[in-house]
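Asks: Structure below; questions to follow.
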Amino acid sequence: MEQVSLKKAYQTKAVYRWIPLWEVLGVFGTAIFLLWIAGRWLEPNPILTHAVVWTTYLLVMTIIWRLQKGHSQRWALLGLDWKDNFSWRSTILRSLIVFVGATVAFIVVGMLAANFGWAPQQADLSGYDFLKGNLPLVLLSLLAVYISASFGEEVVFRGFLITRLHRLFEGFYPGFWAVMISGVIFGLAHFSWGLLGIIQTAAMGWTLGYFYLRYGRNLWITILAHAYMDTILILQMY
């Protein structure tokens, strides 16, 4: 009887261990499918393309939120809790540190990749050409980016993906693999920027992921740091 109980307990643990993988595949599979459908049926248009990507992030965030159903602390599971001993002052100061670290990683790794001939000299940001000289669109894009990228990407790639990968690799350097894999996927999500853009955003993702775990999974820190970088990106397109 005891052996049967141990066997059931082991099987339950084994099944539980793989749940994060199915959740990750479900979330990212849905996003890829939606983007594929949009790319297949919609006419190429930079503004429309960004709108589709932003909408996809909103839908994916909704799915992630639903996956937390049944947990009493939904926000805390994603690193968005601000109740127990939360300090905006500390969060903002740390976000500036993360911003500097992520920016340095973005620039330095990009320079190394370009100088060693691994990638082109510049990332392909032609998809933002529609912002040139158009202040209303720049302001609208900033608002959309703050919601879908600064907030949305941090929820998806740090709050959700790193948490799930950390559980998946439990007992086998979970922090290292969670940060490394999430950073690679974050880089690949920016494939439209070209190879250099993928490498740079992967380096940015590794830095954000490291600090996300380093600072106790306070997602507000990386959200703010991400927002600073997005602001620079959009404004330089004007």
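Asks: Using only C-alpha positions, report the orientation-averaged shadow area of the convex hull of the chain, nm², one decimal.
Replies: Working: hull surface 63.8 nm².
Answer in nm², one decimal: 16.0.
Asks: Once phi is turned into ³J(HN,Hα) by the Karplus curve 6.51 cos²θ - 1.76 cosθ + 1.60 with θ = phi - 60°, what whole-Hz value does each residue of region 151-156 show in order, with x for glycine and proline?
Replies: Values, residue by residue: 8, x, 5, 5, 4, 6 Hz.
Asks: Let's see if you can work this out: charge +1 on each Lys and Arg Cβ, -1 on each Asp and Glu Cβ, no other charges. What is the dipole magnitude of region 2-236 about its Cα centre, in debye to the nearest 20? Could you put the intermediate results ahead of the total?
Replies: Details: 17 positive and 11 negative charges, 162 e Å.
The dipole of region 2-236 has a size of about 780 debye.
Asks: Which whole-Hz couplings ³J(HN,Hα) result when phi for each residue of region 213-230 is put into the Karplus expression 6.51 cos²θ - 1.76 cosθ + 1.60, θ = phi - 60°, listed in order with x for Gly and Pro?
Replies: Result, rounded to whole Hz: 6, 4, 9, x, 6, 7, 5, 4, 5, 6, 4, 5, 4, 5, 5, 4, 5, 5.
Asks: What 222 nm value per residue comes from the helices of the chain, counting each DSSP H run with n ≥ 4 as -39,500 (n - 2.57) and dividing by all residues, nearest 500 deg cm²/dmol? Display every interim value, and only then the final one.
Replies: Values: 9 runs with 165 residues, N = 238.
After summing the helix terms and dividing by residue count, I get -23500 deg cm²/dmol.
Asks: I've got another one for you. Among Phe151, Phe28, Phe172, which one moves the most in a GNM of the chain with springs linking Cα atoms closer than 10 Å?
Replies: Phe172
Asks: Right, here's the next one. On a full-extension model of 0.36 nm per residue, what is the gain between Thr55 and Trp18, subtracting their alpha-carbon distance, rounded to one decimal in nm?
Replies: On the way: separation 37, 0.36 × 37 = 13.32 nm, distance 2.87 nm.
Full extension of this stretch gives 10.4 nm more.
Asks: Taking the Cα atoms only, what angle lies between the long axis of helix 88-115 and the longest principal axis of the chain, rounded to 10 degrees?
Replies: Compared with the principal axis, the helix lies near 70 degrees.
Asks: How much length, in nm to one decimal, is gained on full extension between Leu35 and Gln68, taken as 0.36 nm per residue of separation minus their Cα-Cα distance? It would help to have the intermediate numbers written out before the result.
Replies: Working: separation 33, 0.36 × 33 = 11.88 nm, distance 2.40 nm.
Fully extending the segment from Leu35 to Gln68 adds 9.5 nm.
Asks: Then there's this: Pop the C-beta distance of Leu96 and Glu170 into the FRET formula with R0 = 35 Å and round what comes out to the nearest 0.05.
Replies: So, using R0 = 35 Å, E works out to roughly 0.60.
Asks: Here is a further query. If you average the C-alpha positions of region 182-238 and of region 152-174 separately, how far apart do those two centres end up, in angstrom?
Replies: Region 182-238 and region 152-174 have Cα centres spaced 15 Å from each other.
Asks: Right, here's the next one. Mind telling me which of Ile221, Ile47, Ile199 comes out most flexible in a GNM of the chain, alpha-carbon contacts under 10 Å?
Replies: Judging by the Gaussian network model, the answer is Ile47.
Asks: While we're looking at this one, here's another question. What are the ³J(HN,Hα) couplings of region 119-136, residue after residue, when phi is run through the Karplus curve with 6.51, -1.76, 1.60 and θ = phi - 60°? Round to Hz, x for glycine and proline.
Replies: Working through the residues one at a time gives 8, x, 5, 9, 6, 8, 10, 5, x, 9, 4, 5, 7, 4, x, 10, 4, x Hz.
Asks: For region 85-174, with the dipole built from +1 on Lys and Arg beta-carbon atoms and -1 on Asp and Glu ones, taken about the Cα centre, which of Val145, Tyr173, Met111 lies farthest toward the positive end?
Replies: The residue sitting most towards the positive pole is Tyr173.
Asks: Looking only at Ala31, Ala227, Ala202, which one moves most when the chain is put into a Gaussian network model with springs between Cα atoms under 10 Å?
Replies: Maximum fluctuation in the GNM of the chain, among the listed residues, is at Ala31.
Readers should treat all values here as calculations from the given coordinates under stated rules, not as data from a laboratory. Being a predicted model, the structure only gives us computed values, none of them experimental. No Cβ is skipped: glycine too gets one built from the backbone with ideal geometry, and neighbour counts run over all protein chains shown.
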